[in-house]
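Notes to accompany the following structure.
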Amino acid sequence: MSLETIPLATGGVPGLGHVPRLLRDPLAVLRSLHTEGPVVLLKVGTMPMVYVTSPETVNEVMVKKARSFRKGRLFDRVSELVGEGLANSNGSKHLRNRRLMQPMFYKERLAGYADVMSGRARSLADSWHHGQELDANGVMVTYAIETLAATLFAADIGRPAVQSVREDLPVIMRNMLRRALAPTWMDAWPIWKEFNRSATRMRSVIDDVITRTRAADPEGRPDLLSLLLAARDGDGVGFTDEEVRDELTTMLFAGSETVASTLAWALHHLALNPDVERAVLDEIKTVVGDRPVAFADVMRLPTVTRVLDETIRLHGVVTLMRRSTEPVTIGGHELPAGTEVLISLYGLHRHPGLYPDPERFDPDRWLPERVAARPREHALPFGAGNRRCIGDRFAWMEAVITLATLLPRWKLVPRPGARPPTEATASMAHPDRVEMVVHQRDAH
Ligand code: HEM
């Protein structure tokens, strides 16, 4: 079997393949290749990589034929940092750990995290003043890391860890994609000094929190770390300290930049769309009024939800990867075992055949009647199948609570003269800077 039947993407260069095109503007490549077919062949140097561009072929890889795939090349390198946490473990280990962790995201647990999130959002709102200039993305990165850490660790034990994670995680995230793509013989180069220092420090801080939480008897405590330490499978076997560290680190990676980026882009789009902002404010006023935002409110704010749906459609997860473990047919093409497959939710969600005028921010695309008219596979903000995001409801709740807390108190407007944010790529199409000025709302 071979990949010969798959059309080769245009713009390749002998020897380098599509690397120059991908380096020049990866997002443009991911947005445009659907025009060349539902399955397209890219060459990364000489390595073939199959890019699936249609909802049908994405669904085949992620759901229908998920058993023929495991996580791909990117994860081999990332696993140096996050070990075999949920996002990069495979097979029976993934299944066991997913089952052990699922209860941490049940409704009763989420209600508890909602209180933490609401308190943290109020503290953020309290910390701003009229006329303050800020980079909304930078603010949201710190805020999302601290909020996640506040739900992961017990407050008393976790405080020093939060400080370290806040400093080190952004350094690691900034460098991770480069590190994952660089060959291993470059690992000893001095360019990685800052990265290595942050990675080592974060690992030791997390190990320390684990030791101290275990010593403090985690049974019955509500934070995610205590739940991880108390979890037992059907044979009564729990996680080792190393497994707990991998899961914690994975959640910090998976759950901070994603939420921060969503919030920063949502604030940006709301500032540019006063009608939408007005509808959001009216809804928050009616549903929440002046009290703190609570867990029960999250389901009762459909306008806020549509803003977030549309924000994630436009700026969602850029690339997912899989590698076939056996011969498998995708989009009618035979892929041999060991084929690297690329999926871009960002590309899928900007497919003009699925979303007319795809670059336009239009939360009304998510009105119930319009959602009902589209096949479900057209929108996969949190992935699909057995690898679907385990933190989806957690993330959603955090984003809704944060917007519903900040917006009634503060109006954010773009800083005069600031460059509009551009999309940088890591895991999400996160903005580089979102420069804004904070204005007190008249009503308060
Ligand atoms: C807006 C925010 C978020 C978005 C858009 C998002 C998106 C995704 C996507 C698309 C996947 C699937 C990856 C794949 O198929 O390869 C995923 C997996 C995952 N996410 Fe999220 N995520 C978000 C927030 C979070 C949060 C807050 C957490 C943790 C608290 C989290 C934890 C995870 C984990 C552990 C996985 C791996 C699941 C598995 O393979 O079984 N995510 N996420």
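The values are calculated or read from the model by the stated rules, or taken from the named source; none is laboratory data. All values derive from a computational prediction rather than experimental measurement. Cβ sites come from the backbone with ideal geometry, for glycine too, and all protein chains shown count toward neighbours.
Please name all residue pairs, on different chains or six or more residues apart, with Cβ atoms under 7 Å, provided the first residue is in the stretch 84-96 and is assigned to a loop (DSSP other than H, G, I, E, B) and the second residue is modelled with pLDDT of 90 or more and more than 9 Å from the ligand (Cβ to nearest atom).
The qualifying pairs are GLU84/LYS93; GLU84/ASP246; GLY85/ASP246; ASN90/ARG70.
How many residues are hydroxyl-bearing (Ser, Thr, Tyr) and in contact with an Asp or Glu (Cβ under 6 Å, 6 or more places away or on another chain) when one looks only at the stretch 280-338?
Residues meeting the conditions: 1.
Hey, among ARG370, ARG306, ARG393, which residue is over 24 Å from VAL39 (Cα atoms), away from the ligand (no atom under 16 Å from the Cβ) and either assigned to a helix (DSSP H, G or I) or aliphatic (A, V, I, L, M) (or both)?
Answer to the selection: ARG370.
Name the one entry in PRO336, PRO327, PRO352 that is farther than 25 Å from SER89 by Cα and either within 15 Å of the ligand (Cβ to nearest atom) or not basic (Lys, Arg) (or both).
Sole residue among the options that is farther than 25 Å from SER89 by Cα and either within 15 Å of the ligand (Cβ to nearest atom) or not basic (Lys, Arg) (or both): PRO352.
Of all residues being of a type in the set (Asp, Glu) and modelled with pLDDT under 90 in the stretch 165-221, which is surrounded by the most Cβ atoms within 10 Å (Cβ to Cβ)? Just the residue, please.
Among residues in the stretch 165-221 that are of a type in the set (Asp, Glu) and modelled with pLDDT under 90, the one surrounded by the most Cβ atoms within 10 Å (Cβ to Cβ) is ASP168.
Which residue pairs have Cβ atoms under 9 Å apart, sit 6 or more places apart or on different chains, and have a first residue in the stretch 136-160 that is at positive phi and a second that is crowded, with 24+ Cβ neighbours inside 10 Å and among the acidic types (Asp, Glu)?
none
Does the stretch 17-35 include one or more residues that are away from the ligand (no atom under 16 Å from the Cβ), more than 22 Å from GLY383 (Cα to Cα), touching a Leu at 6+ places or on another chain (Cβ under 9 Å) and assigned to a loop (DSSP other than H, G, I, E, B)?
Taking every residue of the stretch 17-35 in turn, at least one turns out to be away from the ligand (no atom under 16 Å from the Cβ), more than 22 Å from GLY383 (Cα to Cα), touching a Leu at 6+ places or on another chain (Cβ under 9 Å) and assigned to a loop (DSSP other than H, G, I, E, B).
I'm told VAL413 meets every condition in (1) at pLDDT below 95; (2) touching a strand residue (DSSP E or B) at 6+ places or on another chain (Cβ under 8 Å); (3) closer than 17 Å to LEU272 by Cβ; (4) more than 16 Å from the ligand (Cβ to nearest atom) except one. Can you identify the failing condition by its number?
With respect to (1) at pLDDT below 95; (2) touching a strand residue (DSSP E or B) at 6+ places or on another chain (Cβ under 8 Å); (3) closer than 17 Å to LEU272 by Cβ; (4) more than 16 Å from the ligand (Cβ to nearest atom), VAL413 is out only on (1).
Would you tally the residues in the stretch 60-83 being in a helix (DSSP H, G or I) and over 18 Å from THR250 (Cα atoms)?
Of the residues in the stretch 60-83, 8 are in a helix (DSSP H, G or I) and over 18 Å from THR250 (Cα atoms).
Which one of these is in contact (Cβ under 8 Å) with a residue 40 or more places away in the chain, of a type outside the set (A, V, I, L, M, F, W, C) and surrounded by 21 or more Cβ atoms within 10 Å (Cβ to Cβ): GLU377, GLU398?
The conditions single out GLU398.
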